[in-house]
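Down below is the structure, laid out as structure tokens.
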Number of protein chains: 2
Amino acid sequence: MVTLAEVAEHAGVSASTVSYVLSGKRSISTRTRERVERSIEQLGYHPNAGARALASSRSNVIALMMPLRTDMYVPVMMEIAIAVATSARAHGYDVLLLTGDEGPAAVRRVAGSGLADAMILMDVELDDERLPLLRDSARPAVLIGLPSDTAGLTCVDLDFVATGALCVEHLAGLGHRDIAVIGEAPAVYERHTGFAERTLEGLRGRARDLGVRLLHRPCDPGYGPTSATLARVFDERPGTTGFVVQNESAVEPLLGLLRQQGRAVPEDVSVIAVCPDQVALQASVRLTSVSIPAEEMGRRAVERIVAKLAGDDADDVTLIAPELTVRASTGNAPG
Amino acid sequence: MVTLAEVAEHAGVSASTVSYVLSGKRSISTRTRERVERSIEQLGYHPNAGARALASSRSNVIALMMPLRTDMYVPVMMEIAIAVATSARAHGYDVLLLTGDEGPAAVRRVAGSGLADAMILMDVELDDERLPLLRDSARPAVLIGLPSDTAGLTCVDLDFVATGALCVEHLAGLGHRDIAVIGEAPAVYERHTGFAERTLEGLRGRARDLGVRLLHRPCDPGYGPTSATLARVFDERPGTTGFVVQNESAVEPLLGLLRQQGRAVPEDVSVIAVCPDQVALQASVRLTSVSIPAEEMGRRAVERIVAKLAGDDADDVTLIAPELTVRASTGNAPG
DNA sequence: GGGGCGAGTCGAAGCGCTTCGACTCGCCCC
DNA sequence: GGGGCGAGTCGAAGCGCTTCGACTCGCCCC
């Protein structure tokens, strides 16, 4: 391993000068800077991360806490993770991958050891057990998701309440009076996952405002559960003409089942999904959807973290406004 | 931040004694050890990661290089990543998340800076540009995937050649003489991704041996491309009765399309998939499949890395034998 | 009863950086 | 012409650990 001292010797300057060339914290003459840069290049020098962290008390690492479970929104999680990693690198940070199963202990460990300067948390529950620790911690944190009480926290999320409202509005505007919601797996609601609860809140609120009947049914992933859920819906509300789907793995099964039952989309039944654009476009009917801006969520979270590490200590909630794209799966209610 | 020196003072011992309690590298009396452990507990001490890395030249971090692209096997990638993170923690390591877009530069940076002690690489191409660097590097590395030339490298992968062979064998054994392969996206083959090419090799080889006709068609993700690919297949080979699907996003569309065409599965057409068990079980027909053991791949990669970090410097290739599970989507060829 | 040995503990050095204070030197200004 | 100032550079200290050598002490053995 090449050290800074070796670079200094090679360039004929002191170690501190090399350090200042690297950090730019003091002015260096062009002549010296170029000489040092040439030595760095020639020797293939990379600053030792541990030494740098120890001396500066900055690791230049951001921890990302991902859910361990893979029962929901896998592509969204993955896209967020990749966006976080990519944006972090663009700001000079690396990303440490933590899984949610370590829980609060991971927060303590990472904060205490200086492994990371800050953390980003995904899969936030309404009353998440990691929150008290984050509020106390000296290290900045950003949540991707929204707990019940956001006081003292910085959050980035899609505005899922508005998302739910938007879906009902769109369907109601087309004349649908009986709307069914195919939701996430029951387990997702049982642990009070923020986005699922908030979407429901938005759906119900607007349905009430507009005098539309709303039936919500959680749905385990896959064809079988979707089929059972659909049967139950038509059993309880035979007049259902509008569907809101917030469950990626139910999308294609639902479309296939409706086709089999001879219900045309959108002539007989309208379907709107809350999902990434990619899913909406790859389905067998091009879906009207509210997109989940995973890349933007990851990127914005990193931007907030970087700002906080640079001294901005405001806590705030960034809600991304939902965008509804009308495609081929929604139309006027029949009759 | 609490330091080791503060723990030492609190416990009334020297700093080195605390260090030896932590590492267990020298014997410590039970009395002293318990006193130190109590102080650590009471003060909430966490060793500083940077200082530890600097002094020991070990970061206890494993770098995981993931593909940036999300055009294939997202759930598999995600499951591997989670398995790597979980197993790494079980062995006392943390995981640094790198994306593939930094390429060889990332390998140099991580190795040179001591950010990580070792690395795991995913999404390996047959002639991957990162390989020469890995062969030279002093730091251990494990590939999840298989390049053309494995000399000087340690790899873990499903035996995709055997996987391909197994699929053809199963269908041929049921009397199918015309088999079509719905493959990954064209881009996956264009960049010579190891697993895709190897599966094809296995499929073709065994088809030749058994005198079965094989038609391979790459397929972009989604319903539209699957539909077009299927039409092309039946156009070129109207007698096709067996399908091998190695493309997760084509599975449900394919089943739906066959149903629409009035082709019963498995009475008229047999379908076998190469995919995680979860996908096979959630499809509209319970699929006969060769499973992709993502969790095992991630775990084994970590085990090999940990062994190498402990001094085992053997290079070897771990090929996981494929397992075929017969479910409801394959049966005797018609007629 | 003295020598040797292992268990247990300590002190100091060193890992490779950053950063602070101090120094030199040339220029500009009154 | 002397004082002040900013640009440019250096040396030393210090960040919080690990690890090596050395020391003490009690026990066991011949």
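Miscellaneous remarks
- Some residue of the stretch A:146-159 being crowded, with 23+ Cβ neighbours inside 10 Å, more than 14 Å from every other protein chain (Cβ to nearest Cβ), over 27 Å from residue B:94 (Cα atoms) and of a type in the set (Ser, Thr, Tyr): no
Residues checked against (1) within 12 Å of the chain's Cα centre (by Cα); (2) closer than 27 Å to residue A:220 by Cβ:
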{"residue": "A:60", "(1), (2)": "no, no"}
{"residue": "A:69", "(1), (2)": "no, yes"}
{"residue": "A:75", "(1), (2)": "yes, yes"}
{"residue": "A:96", "(1), (2)": "no, no"}
{"residue": "A:117", "(1), (2)": "no, no"}
{"residue": "A:126", "(1), (2)": "no, yes"}
{"residue": "A:130", "(1), (2)": "no, yes"}
{"residue": "A:137", "(1), (2)": "no, no"}
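- Residue ID - nearest to the other protein chains (Cβ to nearest Cβ), chosen from residues in the stretch A:241-251 that are more than 23 Å from the chain's Cα centre (by Cα) and either more than 21 Å from residue A:199 (Cα to Cα) or crowded, with 24+ Cβ neighbours inside 10 Å (or both): A:243
- Checked against (1) under 21 Å from residue B:201 (Cβ atoms); (2) out of contact with any Asp or Glu (no Cβ under 7 Å at 6 or more places or on another chain); (3) β-branched (Val, Ile, Thr); (4) touching a residue at least 60 places away in the same chain (Cβ under 8 Å), residue B:320 passes all but condition (2).
- Scanning the stretch A:45-74 for residues that are out of contact with any strand residue (DSSP E or B) (no Cβ under 9 Å at 6 or more places or on another chain), at the interface with chain B (Cβ under 7 Å from one of its Cβ atoms) and more than 23 Å from residue B:52 (Cβ to Cβ) yields A:70, A:74.
Results for (1) within 14 Å of DNA strand C (Cβ to nearest atom); (2) of a type outside the set (Val, Ile, Thr); (3) open to solvent by less than 10 Å² (accessible area, probe 1.4 Å), shown as yes or no for each residue.
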| position | (1), (2), (3) |
| --- | --- |
| A:30 | no, no, no |
| A:43 | yes, yes, no |
| A:46 | yes, yes, no |
| A:49 | yes, yes, no |
| A:69 | no, yes, no |
| A:88 | no, yes, yes |
| A:100 | no, yes, no |
| A:108 | no, yes, no |
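- Given (1) at pLDDT below 95; (2) within 9 Å of DNA strand C (Cβ to nearest atom), index of the condition residue B:12 fails: (1)
- Single residue of the stretch A:91-105 satisfying the filter (hydrophobic (A, V, I, L, M, F, W, C) and touching a residue at least 24 places away in the same chain (Cβ under 8 Å)) that is farthest from residue B:65 (Cα to Cα): A:98
- Test for residue A:81: is it away from DNA strand D (no atom under 16 Å from the Cβ), in the same structural domain as residue A:139 (by TED's automatic domain parsing), free of Cβ contacts under 8 Å to residues at least 24 places away in the same chain and of a type in the set (A, V, I, L, M): no
- Residue ID - modelled with the lowest pLDDT, chosen from residues in the stretch A:166-189 that are among the aliphatic types (A, V, I, L, M) and open to solvent by 10 Å² or more (accessible area, probe 1.4 Å): A:187
- Every pair of residues 6+ apart whose Cβ atoms lie under 8 Å, when the first sits in the stretch A:6-29 and is within 14 Å of another protein chain (Cβ to nearest Cβ) and assigned to a helix (DSSP H, G or I) while the second is aromatic (Phe, Trp, Tyr) and within 9 Å of DNA strand C (Cβ to nearest atom): A:6/A:45; A:7/A:45
- Those residues of the stretch A:51-67 which are surrounded by 15 or more Cβ atoms within 10 Å (Cβ to Cβ) and within 12 Å of DNA strand C (Cβ to nearest atom), in sequence order: A:51, A:52, A:53, A:54, A:59, A:60
- Filtered by the rule that a residue be surrounded by fewer than 15 Cβ atoms within 10 Å (Cβ to Cβ) and more than 10 Å from DNA strand C (Cβ to nearest atom), the stretch B:15-28 gives B:23, B:24.
- Subset of the stretch B:306-333 [assigned to a loop (DSSP other than H, G, I, E, B), of a type outside the set (D, E, K, R) and open to solvent by less than 60 Å² (accessible area, probe 1.4 Å)]: B:311, B:314, B:322, B:328, B:329, B:330, B:331, B:333
- Residue count for the stretch A:44-85 under the criterion of being within 25 Å of residue B:82 (Cβ to Cβ) and outside any helix (DSSP H, G or I): the result is 15.
The values are calculated or read from the model by the stated rules, or taken from the named source; none is laboratory data. These numbers were taken from a predicted model, which means no experiment stands behind them. Every residue, glycine as well, gets a Cβ built from its backbone with ideal geometry; the counts of neighbours run over all protein chains shown. These area figures cover heavy atoms from the full protein model, side chains too; ligands, DNA and RNA do not enter into them. Shrake-Rupley method; radii C 1.70, N 1.55, O 1.52, S 1.80 Å.
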